[in-house]
Structure formats: C-alpha cells, structure tokens
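Colleague: Let me give you the structure first, and then I'll get to my questions.
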C-alpha cells in the first residue's frame with residue numbers, strides 16, 4: 001500500500017478546502033488497522049499509518065470547516081473477496097454502503113463497518129482512543 005500516495009493526495013486538496021471554509025475528507029481504512037490478518041502483513045501495516053495521519057489532520061483542521069471521517073470496513077462481499085477462505089462476519093455490499101453513506105452524511109469521525117459490530121467494535125473503539133492492546137482484548 002502506498003501510504004505516501006494517499007497522504008499526498010489528501011494534503012493536496014486541504015488548502016483549497018480550508019480557504020473555502022468547508023470540506024470533508026473521507027478515508028477508507030480497514031479493521032486491519034487494529035488487528036493483523038494472516039498473509040496480509042503489508043496491507044495491515046499501511047492501515048494504521050494512514051489512519052494516524054488522518055487523525056492528526058483532524059486535529060489540525062479543527063475550526064476550519066473541514067471534517068475528517070475514517071471508515072474501517074471489515075469483510076465485505078465483493079468480487080475482490082470472492083473465493084477467499086474464511087472471512088468472518090462477511091457483510092453484504094449494499095448494507096455496508098448504506099452504513100458508510102449515513103456516516104458520511106452525519107460527518108461522523110469514524111465508523112466500523114462489520115456484522116461483528118456488537119462484538120468487536122466496543123474493543124476497537126477503546127483501542128482507537130487508548131493504548132489497549134487488541135491481542136489481549138479479543
């Protein structure tokens with residue numbers, strides 16, 4: 001994953017949003033930002049880096065009219081996930097998209113998109129706001 005490419009893209013539009021006094025950065029991260037996945041080391045390593053950058057930008061953008069939303073999807077049924085083995089809590093695409101749209105419209109700071117929301121997400125919310133280690137929680 002090219003973290004610098006994503007960061008460069010986002011930082012290129014920020015001055016225009018700030019000058020205008022409005023804007024909304026929406027980043028698609030992953031639940032992998034909080035928990036490693038087998039055979040996905042490079043993918044998982046890039047997720048926290050991107051997320052931390054956007055969380056820092058959110059602080060920098062306070063009172064500018066620019067909001068930041070970070071969406072953390074779990075496994076979603078798409079052609080990309082077709083044929084993969086073991087994807088717990090696989091979510092239908094339309095259901096995931098509706099949740100994402102609602103979060104964007106409400107300008108939520110973050111959204112965990114997973115059928116496991118009732119199980120995993122309280123742990124993920126705690127971990128995203130503290131130094132809780134997920135390997136000890138989950």
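The values are calculated or read from the model by the stated rules, or taken from the named source; none is laboratory data. Bear in mind that the values here come from a model prediction, so they are computed numbers and not experimental data. We place every Cβ from the backbone using ideal geometry, glycine too, and count neighbours over all the protein chains shown.
Colleague: Has the stretch 66-76 got at least one residue that is loosely packed, with under 15 Cβ neighbours inside 10 Å, more than 14 Å from the chain's Cα centre (by Cα), more than 22 Å from residue 97 (Cα to Cα) and modelled with pLDDT of 90 or more? Can you show your working first?
Modeller: Keep residues of the stretch 66-76 that are loosely packed, with under 15 Cβ neighbours inside 10 Å, which gives none.
Taking every residue of the stretch 66-76 in turn, none turns out to be loosely packed, with under 15 Cβ neighbours inside 10 Å, more than 14 Å from the chain's Cα centre (by Cα), more than 22 Å from residue 97 (Cα to Cα) and modelled with pLDDT of 90 or more.
Colleague: Which of (1) farther than 15 Å from residue 35 by Cα; (2) at pLDDT below 75; (3) touching a helix residue (DSSP H, G or I) at 6+ places or on another chain (Cβ under 9 Å); (4) surrounded by fewer than 17 Cβ atoms within 10 Å (Cβ to Cβ) is the odd one out, the single condition residue 115 does not satisfy?
Modeller: (4)
Colleague: Please enumerate the residues belonging to the stretch 1-47 that are surrounded by fewer than 17 Cβ atoms within 10 Å (Cβ to Cβ), without any contact (Cβ under 8 Å) to a residue 40 or more places away in the chain and touching a helix residue (DSSP H, G or I) at 6+ places or on another chain (Cβ under 7 Å).
Modeller: Listed by number, the residues that qualify are 36, 37, 40.
Colleague: Can you tell which of 12, 56, 6, 82 is assigned to a loop (DSSP other than H, G, I, E, B) and either at pLDDT 95 or above or over 11 Å from the mean Cα position of the chain (by Cα) (or both)? Talk me through it step by step, then tell me what you get.
Modeller: Numbers: 12 fails: assigned to a loop (DSSP other than H, G, I, E, B); 56 fails: assigned to a loop (DSSP other than H, G, I, E, B); 6 fails: assigned to a loop (DSSP other than H, G, I, E, B).
Criteria check complete, one pass: 82.
So that you can scan it fast, the table gives a plain yes or no per residue for (1) surrounded by fewer than 18 Cβ atoms within 10 Å (Cβ to Cβ); (2) within 18 Å of residue 30 (Cβ to Cβ); (3) at pLDDT 50 or above; (4) out of contact with any helix residue (DSSP H, G or I) (no Cβ under 7 Å at 6 or more places or on another chain):
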residue	(1), (2), (3), (4)
92	yes, yes, yes, yes
103	no, yes, yes, yes
106	yes, no, yes, yes
131	yes, no, no, yes
